[in-house]
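Report on one structure; see the data block that follows.
Since every read-out is calculated from the coordinates, none of them should be taken as a lab result. Given the structure is predicted, the values throughout are model-derived calculations rather than measurements. In this analysis, Cβ positions are derived from the backbone assuming ideal geometry, glycine residues included, and neighbour counts consider all displayed protein chains.
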Amino acid sequence: MNTLPNDNKLVSDENYSSKSDVLVFLEEKLENVCNFRDRYFETHSLDDAIHKNDDLKKLQEETLKIFEENETAATKSNKAKYFFMKGALLNVVPEYSKDAENLLSKAIKLDRKLVEAWNELGDCYWKNDEVKKSKSCFEGALKERKNKVSLRNLSMLSRQEVVISQAECIANVEKGLNYAKEAVKLDAQDGLSWSCLGNAHLSYFFHVQQNPKILKQAISAYFQAEKDIVARSSPDLHYNKGIMLKYKEEFKEALESFKKSSLYDPTWDRPKKREQQLIEYLNNIEELVSTKGKMKTKKLKNLLDSIDSKHLGPYLEDTKNILTGANARLIRVNIQELKPGVNELKVLLGKVVCSVRNEDTVPFTFCLVDETGECVVVTLFNLADGKGVIIGDSVAIPEPLVTDVNFDYNSVSYKFRLIRVETPILVAVNGKLLQKDQTAGVQMSIFRKFD
């Protein structure tokens with residue numbers, strides 16, 4: 001059963017002993033609505049998520065009646081604050097409200113020090129895709145007082161700003177990260193700020209520097225965010241976690257995160273789409289590995305017979321160990337001889353039998369067979385568009401990083417061996433190392449406010 005707070009009773013001006021009492025009363029009513037929105041799942045099950053927006057709108061309408069009933073007394077006390085609170089009440093739902101914009105604008109004109117009004121107006125403009133005006137509002141709020149809401153929003157806006165150069169992109173991502181760090185410093189208990197910081201670290205990882213330490217910082221920030229009921233109830237937190245987990249190829253956890261995001265907001269299609277795309281990707285891998293790319297027996301035999309050590313290229317000779325830098329001869333092994341983790345001083349040589357369709361294009365995914373006929377899936381990251389390998393190519397992978405994927409999801413079992421390659425210039429294709437112009441940074445999209 002859906003339940004709404006039941007203490008919203010209409011009162012008249014004469015009930016107040018002083019003019020300020022009405023503002024205190026209305027402020028409590030506004031806070032009540034905001035708490036209902038932000039902490040909905042403290043009193044409702046996930047099954048009620050589909051009703052959340054309707055419940056919120058019903059409570060908003062009831063509270064608006066109270067505001068209108070008490071407008072005369074409230075405006076006599078403090079017109080700016082009343083306009084702000086009513087504007088914030090109209091802005092509490094996900095949809096843009098022109099009336100909210102007008103009221104919040106009036107509030108700021110009457111009192112430019114109303115930081116909360118600046119933030120609400122910025123939020124309102126953002127809903128209407130007026131990003132420049134939105135940014136100006138959050139900056140205006142910061143001029144009056146440093147606050148976590150403005151900092152969080154400026155972090156998001158900085159990271160989504162349209163740029164014309166890589167240098168501008170990097171500068172904006174760094175700026176967004178700094179804003180997010182400041183927000184957390186102001187309130188280390190605020191889960192939304194931690195979630196914002198997680199997103200900022202993730203953007204930095206994808207756009208500036210793929211340092212594993214940065215990815216760990218993103219994971220840590222998301223972990224902190226989930227300690228807060230408000231952030232934990234946010235569908236975009238779980239969506240962005242899902243994006244990160246998919247990149248890390250922690251497939252089951254990624255699917256669960258996308259699913260959880262959908263449960264918190266069943267009206268949002270993107271998490272459902274991501275979950276389905278990942279399921280299709282895994283189904284394709286499972287099928288293509290088991291059928292060796294659906295290649296006909298005769299063609300597969302010819303391909304296996306053509307595997308030649310000369311295609312090891314630079315790995316025919318002594319080469320430097322990837323991890324230690326020491327000179328060493330890599331030992332050629334087959335797929336079954338590989339162990340989970342990094343296979344130091346080993347090199348795998350095989351033939352490409354197929355590519356695997358991936359909606360994201362990252363990573364480039366293909367299936368490789370060795371001379372024994374064993375098949376493995378290979379995920380190649382940081383590869384430029386259109387620069388992937390093709391069927392029949394010989395591929396040599398030094399010191400392969402192996403994961404044995406084995407899990408169940410929605411009563412379907414997934415079991416296959418996977419080799420992850422993050423540095424494509426170490427891969428030899430047809431005896432030659434891939435060149436730098438064949439590589440590119442990973443570009444992955446995280447969810448942004450009002451996207």
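Computed quantities for the displayed model
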read-out: Positive dipole terminus of the chain, leading residue within Tyr281, Asn406, Val389 (C-beta point charges); value: Val389
read-out: In order through the stretch 223-236: 3J(HN,Hα) via Karplus (6.51 cos²θ - 1.76 cosθ + 1.60), integer Hz, x for Gly, Pro; value: 4, 5, 4, 6, 6, 9, 4, 5, 5, 5, 8, 8, x, 6
read-out: Global form of the stretch 212-356, assessed from the alpha-carbon gyration tensor, a/c cut-off 1.5; value: oblate
read-out: Interchain or long-range residues, amide H under 5 Å from Lys346's placed H; value: Ile331, Glu399
read-out: Sorted peptide list for 372-385, 190-203, criterion being average Cβ within 10 angstrom, highest first; value: 190-203, 372-385
read-out: All lysines inside 20 Å of Lys133 as judged from Cα atoms, apart from same-chain residues fewer than 8 positions distant; value: Lys98, Lys106, Lys109, Lys113, Lys143, Lys146, Lys148, Lys175, Lys449
read-out: Above-threshold pairs, the threshold being 23 Å between Cα atoms, out of Lys252/Lys273; Lys181/Lys259; Lys132/Lys248; value: Lys181/Lys259; Lys132/Lys248
read-out: Neighbour net charge for Tyr409 - beta-carbon separation under 11 angstrom, K R +1, D E -1; value: -2
read-out: Within the chain, helix-based [θ] at 222 nm, where runs of 4 or more DSSP H residues each add -39,500 (n - 2.57), nearest 500; value: -16500 deg cm²/dmol
read-out: Nearby aspartates and glutamates by direct alpha-carbon distance to Lys432 (threshold 14 angstrom, same-chain neighbours under 8 apart not counted); value: Asp308, Glu317, Asp393
read-out: Those aspartates and glutamates that a straight Cα-Cα span of less than 14 Å connects to Lys415, excepting residues fewer than 8 apart in one chain; value: Glu249, Glu250, Glu286, Glu287, Asp404
read-out: Other-chain or far-sequence residues with amide H under 5 Å of Val427's (modelled H); value: Leu434
